[in-house]
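Novice: This structure is in structure tokens; I'll ask about it shortly.
The values are calculated or read from the model by the stated rules, or taken from the named source; none is laboratory data. Since we're looking at a predicted model, the values are computed, not measured. Note: ideal-geometry Cβ built from the backbone for every residue, glycine included; neighbour counts use all protein chains shown.
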Amino acid sequence: MKVKSTIKALLHCGSAATIAAVLSATLTACTSDVDNVFGESAAKRVAEKQSSYIKLLESQQHGWALDFYPSDRSSGGVVYTAHFKDGAVTMACEQPISNSVIGKDYNVGDIVSSYYTVDTETSILLSFDTYNGIFHYWSQPFPGHAKGYDSDYEFIFLSANADDVVLTGKKHGNLLRMYPLQMSITDYVKQVNTMHTTLSATARKRAVADGKVYPITMANSVLTYIDGNQNKTMAFIHTPEGIRFYEPVTLGGITTNLLTYNADTQELRSPDNRLVLPPPNTIEKFAGTQDQWYFGFSVTGSGSRWTPAYTDMCDELADIIAANYSKIHAPNWGAEVLNEIYLGGNLLNAGTDPHRTVLGWHTRLGYGSGTHEYFGYAININVTGDSNELIDIQAVEPANGYDDHKYCQTFVDFIAGNAPYSIVFDNDQNPTEATLTSKKDATKWFKVKLKK
């Protein structure tokens, strides 16, 4: 409508009353035109979108599987399930949760109910807005950690349909993906837990892409791999069928976001079968061990008279352990006695020490049974060599209790400094002893024994 031309004509020849009447009609028509262009109000459109999201969430008979990633994703993902109904949400988790804040332990598949909302701020949010002991575990503060695990409980909708819902954390930005369930929420998390337990038993150390072998480490729900010349990590969650990555990974030119587990071959395979993660061989199982392999050190005696014994190691390492022993047992340490030294799964409390693999020391305070203490130094164990036949041991950082025993650094330096090692097992299928000999200097060696 040419408003300016109409006004100009009226001013030229019309009366004031006529002008007012015509302008009123003109502006009314313009307002109608604007409404027709934009349709219903923005507020109404948002309200309809909110309603559609709620309807979608509550439409699934069995609920949804949630791929949830806490913190910075360095510990991988955690699978939850959620059934939405009438503003309430019923949740279960594939992992046991020990919630120290409320003093309650939850088993795999335990059901916890709370409430949820779908609200608007600058975007439409799914908010788990009343306390849920298994889900808010990741976002609640706890003693010594004001931010807790730094995770979200409010999520912005990115897309939503009957096949999947994709959201992003309002504060920390991790994606939360939801998939409709075809079974009960407890059955699903129990199947996921079974797969998690199966695949976590040993860390995988190689992948085969179109027949070519690539070094990897798959442990703690994180895949570490090389893409081109870059080292990369990608978190994943477990499913009843295998694993699903946070984002697609590319290895040897093959890109996938899923790997399916074959129970007969113990392989993980991409959907096109071009990328395969074979079952760990004996050396890879050793590199990914969470068992404890003990050095040939022991003490005998009683009361205040203890005699250390050093076996199955080179003289240089025996001298180092003897010096460490004498300092631990020095008068200023009272009655602390070194019992054992091991390599492998951390015996420290997982709740207070996050390091998975260590060079570890076990000591006893007081005579008789005494109080047992553990300290350690975090390490990485990898497979290396042209044929993946060597064991590399890298020192990472002190673990719990180590700062009180820094004189044990000579032991750490020997083990890490003489890597990589050739390794010989007493049994290639089910080894209980392993002899490691330095490839740098064959006079430096030690044996470790599995104690179960």
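Novice: For the range 408-418, state whether one or more residues are in a loop (DSSP other than H, G, I, E, B), out of contact with any helix residue (DSSP H, G or I) (no Cβ under 8 Å at 6 or more places or on another chain) and more than 19 Å from Pro308 (Cβ to Cβ). Spell out the reasoning first.
Specialist: Of all residues in the range 408-418, those in a loop (DSSP other than H, G, I, E, B) come to 418.
With out of contact with any helix residue (DSSP H, G or I) (no Cβ under 8 Å at 6 or more places or on another chain) added as a condition, the list becomes 418.
Still in the list and also more than 19 Å from Pro308 (Cβ to Cβ): 418.
Yes, that holds for at least one residue.
Novice: Additional query: Residues to consider are Val89, Val101; find the one that is touching a residue at least 12 places away in the same chain (Cβ under 8 Å), surrounded by fewer than 20 Cβ atoms within 10 Å (Cβ to Cβ) and hydrophobic (A, V, I, L, M, F, W, C).
Specialist: Details: Val89 fails: surrounded by fewer than 20 Cβ atoms within 10 Å (Cβ to Cβ).
Just one listed residue meets the conditions, Val101.
Novice: Also, I was wondering about something else. Looking at Gln429, Gln394 in this structure, which one is under 21 Å from Gly345 (Cβ atoms) and assigned to a loop (DSSP other than H, G, I, E, B)? It would help to see each step written out before you state the result.
Specialist: Details: Gln394 fails: assigned to a loop (DSSP other than H, G, I, E, B).
Answer to the check: Gln429.
Novice: Does any residue in the range 184-205 that is free of Cβ contacts under 8 Å to residues at least 60 places away in the same chain come within less than 6 Å, Cβ to Cβ, of a residue that is of a type in the set (Gly, Ala, Ser) and surrounded by fewer than 16 Cβ atoms within 10 Å (Cβ to Cβ) six or more places away or on a different chain, and which pairs are these?
Specialist: Within 6 Å, no pair qualifies.
Novice: Looking at (1) touching a strand residue (DSSP E or B) at 6+ places or on another chain (Cβ under 7 Å); (2) surrounded by fewer than 17 Cβ atoms within 10 Å (Cβ to Cβ), which is the only condition Thr81 fails?
Specialist: Among (1) touching a strand residue (DSSP E or B) at 6+ places or on another chain (Cβ under 7 Å); (2) surrounded by fewer than 17 Cβ atoms within 10 Å (Cβ to Cβ), Thr81 violates only (2).
Novice: So which residues in the range 32-62 are part of a loop (DSSP other than H, G, I, E, B) and modelled with pLDDT of 85 or more?
Specialist: Glu58, Ser59, Gln60, Gln61, His62
Novice: While we're here: Please indicate, with yes or no, whether at least one residue in the range 270-287 is within 25 Å of Lys447 (Cα to Cα) and in a loop (DSSP other than H, G, I, E, B). Spell out the reasoning first.
Specialist: Going residue by residue through the range 270-287, those that are within 25 Å of Lys447 (Cα to Cα) are 280-287.
Filter once more, keeping what is in a loop (DSSP other than H, G, I, E, B): 280-281.
Among the residues of the range 270-287, at least one is within 25 Å of Lys447 (Cα to Cα) and in a loop (DSSP other than H, G, I, E, B), which makes the answer yes.
Novice: Taking the condition hydrophobic (A, V, I, L, M, F, W, C), modelled with pLDDT of 95 or more and out of contact with any helix residue (DSSP H, G or I) (no Cβ under 6 Å at 6 or more places or on another chain), does Val112 pass? Spell out the reasoning first.
Specialist: Values: hydrophobic (A, V, I, L, M, F, W, C): yes; modelled with pLDDT of 95 or more: yes; out of contact with any helix residue (DSSP H, G or I) (no Cβ under 6 Å at 6 or more places or on another chain): yes.
Taking the combined requirement at face value, the residue satisfies it.
Novice: What number of residues within the range 159-173 satisfy the criterion of being part of a strand (DSSP E or B) and either closer than 20 Å to Asp72 by Cβ or not assigned by TED's automatic domain parsing to the domain that holds Ser123 (or both)? Before the answer, list the steps.
Specialist: First, pick out the residues of the range 159-173 that are part of a strand (DSSP E or B): 159-160, 165-169.
Subset that is either closer than 20 Å to Asp72 by Cβ or not assigned by TED's automatic domain parsing to the domain that holds Ser123 (or both): 166-169.
Number satisfying all stated conditions: 4.
Novice: Separate question: Taking the range 419-430 as the region of interest, how many residues are at pLDDT below 95 and touching a helix residue (DSSP H, G or I) at 6+ places or on another chain (Cβ under 8 Å)?
Specialist: 2
Novice: Now a separate question. Quick check: anything in the range 312-323 over 22 Å from Lys449 (Cβ atoms), exposed (fewer than 15 other Cβ atoms within 10 Å of the Cβ) and either modelled with pLDDT under 90 or of a type in the set (Ser, Thr, Tyr) (or both)?
Specialist: yes
Novice: Considering the range 227-269 alone, what residues qualify as being assigned to a loop (DSSP other than H, G, I, E, B), over 23 Å from Met183 (Cα atoms) and among the acidic types (Asp, Glu)? Please lay out each step first, then the result.
Specialist: The first filter runs over the range 227-269 and keeps only residues assigned to a loop (DSSP other than H, G, I, E, B), leaving 228-229, 239-241, 252-253, 263-266.
This time we only want the ones that are over 23 Å from Met183 (Cα atoms), so: 228-229, 252-253, 264-266.
Answer for the range 227-269, where residues must be assigned to a loop (DSSP other than H, G, I, E, B), over 23 Å from Met183 (Cα atoms) and among the acidic types (Asp, Glu): just Asp264.
Novice: Looking only at the range 433-452, count how many residues are under 16 Å from Phe295 (Cβ atoms) and either surrounded by 13 or more Cβ atoms within 10 Å (Cβ to Cβ) or touching a helix residue (DSSP H, G or I) at 6+ places or on another chain (Cβ under 8 Å) (or both).
Specialist: 13
Novice: Now a separate question. Anything in the range 47-78 that is hydrophobic (A, V, I, L, M, F, W, C) and over 17 Å from Ser139 (Cβ atoms)? List them, or say none. Quick ask: steps written out before the conclusion?
Specialist: First, the residues of the range 47-78 that are hydrophobic (A, V, I, L, M, F, W, C): 47, 54, 56-57, 64-66, 68, 78.
Selection gives Ala47, Ile54, Leu56, Leu57, Trp64, Ala65.
Novice: Now for a different question. Within the range 256-268, does at least one residue satisfy the condition of being closer than 28 Å to Gly385 by Cα, assigned by TED's automatic domain parsing to the domain that holds Asp210 and touching a residue at least 60 places away in the same chain (Cβ under 8 Å)?
Specialist: Within the range 256-268 (the criterion being closer than 28 Å to Gly385 by Cα, assigned by TED's automatic domain parsing to the domain that holds Asp210 and touching a residue at least 60 places away in the same chain (Cβ under 8 Å)), the answer is yes, since at least one residue qualifies.
Novice: In the range 207-230, which residues are surrounded by fewer than 19 Cβ atoms within 10 Å (Cβ to Cβ), of a type in the set (S, T, N, Q) and touching a strand residue (DSSP E or B) at 6+ places or on another chain (Cβ under 7 Å)?
Specialist: Of everything in the range 207-230, just one residue is surrounded by fewer than 19 Cβ atoms within 10 Å (Cβ to Cβ), of a type in the set (S, T, N, Q) and touching a strand residue (DSSP E or B) at 6+ places or on another chain (Cβ under 7 Å), namely Thr224.
Novice: OK, next. Being among the hydroxyl-bearing types (Ser, Thr, Tyr), in contact with a Ser or Thr (Cβ under 7 Å, 6 or more places away or on another chain) and surrounded by 14 or more Cβ atoms within 10 Å (Cβ to Cβ): is that true of Tyr115 here? Spell out how you get there, then give the answer.
Specialist: Values: among the hydroxyl-bearing types (Ser, Thr, Tyr): yes; in contact with a Ser or Thr (Cβ under 7 Å, 6 or more places away or on another chain): yes; surrounded by 14 or more Cβ atoms within 10 Å (Cβ to Cβ): yes.
It is true that Tyr115 is among the hydroxyl-bearing types (Ser, Thr, Tyr), in contact with a Ser or Thr (Cβ under 7 Å, 6 or more places away or on another chain) and surrounded by 14 or more Cβ atoms within 10 Å (Cβ to Cβ).
Novice: Something else now. Among Ala201, Ala160, which is the only one that is more than 19 Å from the chain's Cα centre (by Cα) and on the phi < 0 side of the Ramachandran plot?
Specialist: The conditions single out Ala160.
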